[in-house]
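First the structure, in the form of structure tokens, and then the observations on it.
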Amino acid sequence: MPRIIIQNLENFTIDSENTDRKVIELIHENGIDWMHACGKKGRCTTCKMIILEGQENLSPETDRELFYRNQNRLKPDERLCCQANLLKNTLTIKVAEINKFPHLKYSD
Ligand code: FES
């Protein structure tokens, strides 16, 4: 079963059979606040996740991600939560420092 672990939210874990949902949708549906300034349209990068493990388990990069990658606004270990689906196995991620909310308590 696909599993998302958010390391710096005390390893909050999301299990889902739903491979047709974007990573950000699974995060939001599980009650975690995650930045998404453009409304999940691939136009801002505030939803980026830093991938610690399992990048190979994600869907291929979208045109929007390639656009930002070509501008060096996405590093090799970063993807946009609003663009990527988790297709299998486990994905371990963390929230980027710049995208942390003041009202949430992070464990790093
Ligand atoms: S929410 Fe803006 S790029 Fe994902």
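Each reported figure results from applying straightforward, stated rules to the coordinates on display, with no laboratory input. Source: prediction; values computed, not measured. All Cβ positions, even for glycine, are placed from backbone atoms using ideal geometry, and neighbour counts span all protein chains on display.
Choose one of LEU58, THR45, ILE93: the residue whose Cα lies farthest towards the positive end of the charge dipole of the chain (beta-carbon charges +1 Lys, Arg; -1 Asp, Glu; about the Cα centre).
Of the listed residues, the answer is THR45.
How long are the semi-axes of the equivalent ellipsoid of segment 3-99, taking √(5λ) for every eigenvalue λ of the Cα gyration tensor, in whole Å from largest down?
In descending order the semi-axes read 19, 14, 13 Å.
Excluding ARG79 itself, what net charge comes from residues whose Cβ is under 11 Å from its Cβ, given Lys and Arg +1 and Asp and Glu -1?
Residues close to ARG79 contribute a combined charge of +1.
Name the residue farthest towards the positive end of the dipole of segment 3-99 from the options ALA84, ILE4, THR19, assuming +1 on Cβ of Lys and Arg, -1 on Cβ of Asp and Glu, about the Cα centre.
Of the options given, the answer is ALA84.
Per DSSP H run of at least 4 residues, take -39500 (n - 2.57); add these up for the chain, divide by its residues and hand me the 222 nm value, nearest 500 deg cm²/dmol.
-3500 deg cm²/dmol
So for the chain: antiparallel DSSP bridges make up what percent, rounded to the nearest 5?
75 percent
So how strong a dipole does the chain carry about its Cα centre when Lys and Arg Cβ are +1 and Asp and Glu Cβ are -1, to the nearest 20 debye?
The dipole magnitude comes to about 400 debye.
Provide the FRET efficiency to the nearest 0.05 for the ILE98-SER16 pair, computing r from the beta carbons and using R0 = 35 Å.
0.85
At what distance in angstrom do the alpha carbon centres of segment 1-40 and segment 59-108 lie from each other?
Cα centroid of segment 1-40 versus Cα centroid of segment 59-108: 11 Å apart.
What order do you get for LYS22, LYS75, LYS105, LYS48 when you list them from fewest to most C-beta neighbours inside 10 Å? Could the numbers behind the result be given before it?
Working: LYS22 19, LYS75 12, LYS105 9, LYS48 24.
Going from sparsest to densest Cβ surroundings: LYS105, LYS75, LYS22, LYS48.
Quote the FRET efficiency, to the nearest 0.05, computed for ASP108 versus LEU66 with a Förster distance R0 of 35 Å and r equal to the Cβ-Cβ distance.
Efficiency for this residue pair is about 0.75.
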